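Quick notes on the structure that follows.
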Amino acid sequence: MILLSACSGGDDLQAYVAQVKARPPAPIEPLPVIRPFEPMQYAASELRNPFSQPHPESLQRDAQSKKSTCDVSLPAHEKEFLEQFSLDNLSMSGTMGSGKGLWALIHTQVGEVHRVAVGQYMGLNQGRIEKITPDEVELLEYVPDGKGCWVTRKTQLKLMVAN
């Protein structure tokens, strides 16, 4: 009896399948409208061909004009130990203070901790320490602008709190 009652449930399934097949099909979305191609006129025919070598005198002229418009020259200083590390590989692990000022404790990727003060340099872009607070070290870096000049940017190295 139990086996016969279990097999009688197949009628409901067949009725449902027949009902689904009797439904009208969903409409097919129309194809997107394709706009005709509009050719564009090449307007740079008077300019230098980008695939040919530039003339040496134009390179010299460009270099001289770039040098004359540069506002920032790199400051000359003796390289410090922390300038061999990228700022991504340095972290601030704390501060120390006295009557003379506040020092930051900088942790390197090799596990060393160094004490730095305002005016010292660190990072690959000649980052000069401008300000030290209990939460961060503020640096002024010199980065290339891609045109042969150097521009300054402010960067912060935040205190890393251990969990």
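The values are calculated or read from the model by the stated rules, or taken from the named source; none is laboratory data. Small disclaimer: the values here were computed from a predicted structure and weren't measured. Positions of Cβ are generated from backbone atoms using ideal geometry, with glycine treated the same way; all protein chains shown enter the neighbour counts.
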Q: Please work out which one of (1) touching a helix residue (DSSP H, G or I) at 6+ places or on another chain (Cβ under 7 Å); (2) assigned to a strand (DSSP E or B); (3) not acidic (D, E) is the condition Q109 fails and give its number.
A: (2)
(Q) Can you confirm whether A63 is at pLDDT 85 or above, out of contact with any Lys or Arg (no Cβ under 8 Å at 6 or more places or on another chain) and among the small types (G, A, S)? (A) no
Q | Top-ranked residue in the range 6-24 [being assigned to a loop (DSSP other than H, G, I, E, B) and modelled with pLDDT of 90 or more; ranked as surrounded by the fewest Cβ atoms within 10 Å (Cβ to Cβ)] | A | P24
Q) Just one of the numbered conditions (1) on the phi > 0 side of the Ramachandran plot; (2) assigned to a loop (DSSP other than H, G, I, E, B) is not true of G94; which one? A) (2)
**Q.** Condition met for W103 (buried (at least 16 other Cβ atoms within 10 Å of the Cβ) and modelled with pLDDT under 90)
**A.** no
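Given the criteria of a type in the set (A, V, I, L, M), on the phi < 0 side of the Ramachandran plot and modelled with pLDDT under 85, does L3 qualify?
yes
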Q: Of all residues in the range 75-100, count the ones that are of a type in the set (G, A, S), surrounded by 13 or more Cβ atoms within 10 Å (Cβ to Cβ) and within 21 Å of the chain's Cα centre (by Cα).
A: 1
Q: Considering each residue of the range 124-163, count those that are of a type in the set (K, R), in a strand (DSSP E or B) and either surrounded by fewer than 17 Cβ atoms within 10 Å (Cβ to Cβ) or in contact with a Gly (Cβ under 6 Å, 6 or more places away or on another chain) (or both), and give that number.
A: 4
Q) Among the residues of the range 81-93, is there at least one that is at pLDDT below 80 and either touching a Lys or Arg at 6+ places or on another chain (Cβ under 8 Å) or not small (G, A, S) (or both)? A) no
